[in-house]
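Visitor: Take this structure first; my questions come after.
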Amino acid sequence: MEELNFPLQLQYSTFTAEFPLAQSTFAPMRAILPENAHIITLSPLQLEDNLVVLRLFNPFELGEHPTLSQTAIVDINTLFAGYELQNVQEKTLTVII
């Protein structure tokens, strides 16, 4: 079971014209991940242009849950529909390139 080391802290601030609330419009995911698949990383790879690192993991250990500890199946083409995926490589969570 996962343990929360640093609990969230609710922070308050006021927003003015000088410091407007930033709005993000980048939403690459077009589908919902299975319950037993979590995204650890979705970020550009700084060594190469047009490459991103997507790291997924199953937070459930084998035998921890009857269905959620099973292998998670994620269709990357459906998940990122509208983006052209030219090459996908499966790596370990340490992303050794």
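Visitor: For residues that are at pLDDT 80 or above, surrounded by fewer than 13 Cβ atoms within 10 Å (Cβ to Cβ), more than 15 Å from PRO28 (Cβ to Cβ) and not small (Gly, Ala, Ser), tally how many sit in the range 41-85.
Guide: Summing the residues that are at pLDDT 80 or above, surrounded by fewer than 13 Cβ atoms within 10 Å (Cβ to Cβ), more than 15 Å from PRO28 (Cβ to Cβ) and not small (Gly, Ala, Ser) in the range 41-85 gives 7.
Visitor: Can you find a residue in the range 29-38 that is at pLDDT 70 or above, assigned to a loop (DSSP other than H, G, I, E, B) and more than 19 Å from the chain's Cα centre (by Cα)? Lay out the reasoning, then the answer.
Guide: Our first condition is that a residue be at pLDDT 70 or above; within the range 29-38, this holds for 29-38.
Add one more test, that the residue is assigned to a loop (DSSP other than H, G, I, E, B), and what stays is 29-37.
Applying the additional criterion that residues be more than 19 Å from the chain's Cα centre (by Cα) yields none.
No, the range 29-38 contains no residue that is at pLDDT 70 or above, assigned to a loop (DSSP other than H, G, I, E, B) and more than 19 Å from the chain's Cα centre (by Cα).
The values are calculated or read from the model by the stated rules, or taken from the named source; none is laboratory data. Fair warning: this is a prediction, and the values are worked out from it, not measured in the lab. When we count neighbours, we look across all protein chains shown, and the Cβ atoms used for this are built from the backbone with ideal geometry, even at glycine.
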